[in-house]
Amino acid sequence: MFIIKRSIQEGCHSKSRLSTLLMTLLLTLLMTVPTLLGTFGIGSALASPLYYTPVNPSFGGNPLNGSALLNNANAQNNYKEPEDDDESALDEFNERLQRSLLNRLTNTLAGQLVDDDGNLVPGRTETTDFVIDVVDGGDGTTTITTTDRLTGDTTTFTVSNN
């Protein structure tokens, strides 16, 4: 456009100037038409294929992206763990005492079911909630049956003495 206006303003209508002007206009059109056609999807022959490359290293992406992705995820994470209720020292002491007593009861009960050599002793042991029967199978196996007194549910398993 600039060239056309300039030529008209100077008043030069010579053949050489006109031919130069037409050549410039023709070249400009030839360069802009494929661009316009490509913009509207008409020039698909000029397109190149698209290739997908994953970013996440878990799906085949570059392993160097891992720390950056993790940092982004951590920065976006709004989850806060619920804070524990501050237990008093007395509550904590009572909880530890209960665990210690249950541990001793378990050891005492296990001591009644096992002799000094580590073998299971046949017999019946009853607690408030459970009945434990230990039966010697005679063929080198011992069967242990635990029965829940409240529900009547039983659990049975066999142990080899070999």
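The values are calculated or read from the model by the stated rules, or taken from the named source; none is laboratory data. Computed from a predicted model, the values in this text were never measured in an experiment. Please note: Cβ atoms are built from the backbone with ideal geometry, for glycine as well, and neighbour counts cover all protein chains shown.
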- request: Determine which single condition PRO57 fails, assuming it passes every other condition in (1) surrounded by 10 or more Cβ atoms within 10 Å (Cβ to Cβ); (2) at pLDDT below 60; (3) out of contact with any Ser or Thr (no Cβ under 7 Å at 6 or more places or on another chain); (4) not acidic (Asp, Glu).
  value: (2)
- prompt: What are the pairs, 6+ residues apart or on separate chains, where a residue within the range 99-111 that is surrounded by 10 or more Cβ atoms within 10 Å (Cβ to Cβ) has its Cβ under 7 Å from a residue that is outside any helix (DSSP H, G or I) and at pLDDT 80 or above?
  reply: LEU109/THR125
PRO34 vs. criteria farther than 30 Å from LEU120 by Cα and modelled with pLDDT of 80 or more: no
message: Need a quick list: strands (runs of 3 or more DSSP E) entirely within the range 72-162 having at least 3 residues that are under 30 Å from VAL55 (Cα atoms) and modelled with pLDDT under 85.
response: none
